[in-house]
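This report concerns only the one structure given below.
The values are calculated or read from the model by the stated rules, or taken from the named source; none is laboratory data. This one's a predicted model, so the numbers in the text were calculated from it and none came from an experiment. FYI the Cβ positions are ideal-geometry reconstructions off the backbone, even for glycines, and counts take in every protein chain you see.
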Amino acid sequence: MVDIVERLRKTFSALAGNEALSSLADENAAADVLKWAEEISGDFVRETGEMEDAAADEFLHPYLRALRTLMRSIGRWLEEQDPAVRVEWWARMEQAGKTLYGDTFSLPAMEEALVQIPSDANPQQVIAFVKNIFDSQKAKG
C-alpha cells in the first residue's frame, strides 16, 4: 500500500532543503515561497496515490524540477536590480509554469505585471502578487 503522507513528507523535505529557497534575504518571503512550493508539490504528489514509488518518482521528477526552477527564479527575480536580467528570470518562471501547468500557461509581460505592484510593496506582497498571477493563469489552462 502506498503511503501518500510519507511521499508528501519526503517531497516537501527535499524542497525545504533546497538552498535556493532558503537563500532569499527576507525570511518571511522565503517562508511564503516555501509554503507555495509545498502547495504545488502536494497537488502533484496526490496524483501519485495509486502509483508505486518508482513510478511516482518518475512522474514527479519533471514537475519537481520545474518547481525548484520556479522557486529559485522567483527569488532571483525578486532580488535582481538589472531590468534585463529580471526579464530573463521572468521568462524562466514562465517556462517552469508551462512545465507545471501545460503549454497554454503564460505570464503577462513583466512590465505589465510590474506596474500593478505598489512601489512600496515588501517582498511578501510581491510574492503574493506573483502567486496570484500563477494561480489565475493555471486556472485558465
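General observations
- Looking only at residues in the stretch 108-141 that are over 14 Å from Asp32 (Cβ atoms) and among the charged types (D, E, K, R), the one that is modelled with the lowest pLDDT is Lys140.
- Count of residues meeting criterion [surrounded by fewer than 16 Cβ atoms within 10 Å (Cβ to Cβ) and either at pLDDT 90 or above or in contact with a strand residue (DSSP E or B) (Cβ under 6 Å, 6 or more places away or on another chain) (or both)] in the stretch 13-37: 1
- Exclusive hit being in contact (Cβ under 8 Å) with a residue 24 or more places away in the chain and within 20 Å of Asp135 (Cα to Cα), set Ala31, Ala66: Ala66
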